[in-house]
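The values are calculated or read from the model by the stated rules, or taken from the named source; none is laboratory data. Being a predicted model, the structure only gives us computed values, none of them experimental. A quick note on method: Cβ atoms are made from the backbone with ideal geometry, for glycine too, and the neighbour counts reach across all protein chains shown. Just so you know, the surface numbers come from the protein's heavy atoms only, side chains and all, with ligands and any DNA or RNA stripped out. Shrake-Rupley method; radii C 1.70, N 1.55, O 1.52, S 1.80 Å.
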Amino acid sequence: MKLSTLALIVSSLIACAKGDDTPTSSSTLVGRTYSTIDPSATEIAAAAANATTLQWTTDIKGKAFDRFVVIWLENTDFDQAAEQPDMAWVASQGITLTNYWAVTHPSEPNYMSSVGGDYFALYDDIMVSLPKNVSTIADLFDDKGISFASYQEHLPYTGFQGFNYSNQETFANDYVRKHNPFMLYDSYSSNSTRLSVMKNFTEFERDLKDEKLPQYMIITPNMTNNAHDTNIKVAGEWTRNFMTPLLKNEYFMNNTLVLITFDESETYGEQNTVLSILLGGVIPDELKGTTDETFYDHYTQIASVEVNWDLYNLGRNDVTANIWKSLADAANITNKEVDIRYMLNN
């Protein structure tokens, strides 16, 4: 490689790291793309008045479950989360995954990985936007006709694409785009139908009441309730309060699998394992309060729904990821053993 070529590559990489997407002179290299959507309060109010919300439900039978729900919490070490009394109660209602790993640090690439099968070397929480030709699990669901939605607490209106939305009274952080996995992909955010199922918690309550929930759901509480701007006590209380009525709701629980997981550990110098719990109507009573030591990570979310509904795969880390043990048993698949002795950030 010529020195001039090497210098060009290095300069382009530096530009990307600084957030400069403009190629250097005579360069054909393209850096990351970023969203520049940052509406004012007036613009948000106007858009909210015209937003379209879709209630979408389907009934495609799966091998081990017919509905999958993932609920995201934030930045807490495994032991700290597991010892919190409300989280311990939640764990007693399901199976604790004692060997579940985040895939990197910080937050945003973990969310990105959970729907795209990779975090594409993202190393920060900036307003990155992956190009339209990068597929997600939504493309696989569309191919099979399986309904999906994302429910984001305090999203100001359906399909909102801004960087964040603050509490309008206290101006504290509420909704943030970096915790909304699908919105990080142009293949999702450029599609008006997909935006119509990017909803807030008010819409979740409506869909639940009307029995119009989709078969795949992402649920993200706000920056207070997910522990990001508070602590595990607040997140534990929120999780227990949120799950208690759902665990009694026959419609919600019917052949449903719920994953409660944290995006990453808080202490970067320790192994990046996070407390994760499987609950729902598919969990038999004899397994409630038990543990599962199988190696899982955020890619397991994708791999499991692919196997469950006989979907194609994304050709990324979803191809080799382990899947939930009950599903592996039902599909006659053997999960791999993973040596974690020298793993840190995964």
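The table for this structure:
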quantity	calculated
3J(HN,Hα) from dihedral phi, region 295-311, Karplus parametrisation 6.51/-1.76/1.60, rounded to Hz, x for glycine, proline	6, 10, 8, 4, 5, 4, 4, 6, 4, 5, 6, 4, 5, 4, 10, 6, 8
For region 112-117, 3J(HN,Hα) per residue [Karplus equation, 6.51 cos²θ - 1.76 cosθ + 1.60, θ = phi - 60°, Hz, x = Gly/Pro]	4, 5, 6, 10, x, x
Among 282, 130, 251 the positive-end extreme of the charge dipole of the chain (Cβ point charges)	130
The chain, helix-only ellipticity at 222 nm - DSSP H runs n ≥ 4, -39,500 (n - 2.57), divided by all residues, nearest 500	-8500 deg cm²/dmol
Net dipole in debye of region 153-236 [+1 Lys, Arg Cβ; -1 Asp, Glu Cβ; about Cα centre; nearest 20]	160 debye
Furthest towards positive pole of dipole, 230, 307, 107, structure part the chain, Cβ charges	307
17 Å Cα-Cα reach of residue 63 towards lysines, excluding residues that sit fewer than 8 places from it in its own chain	144, 325
Charge dipole magnitude, Cβ of K and R +1, D and E -1 - the chain, Cα centre, debye nearest 20	700 debye
Residues whose placed amide H lies under 5 Å from that of residue 185, excluding near-sequence neighbours	130
Only Lys, Arg (+1) and Asp, Glu (-1) charged, at Cβ; region 73-132 dipole about Cα centre in debye	300 debye
For the chain: span of alpha carbons on each principal axis (Å, largest first)	65, 52, 40
Cα shape, region 271-316, gyration tensor, a/c 1.5 rule	oblate
Region 236-346 - accessible surface per residue (Å², probe 1.4 Å)	48 Å²
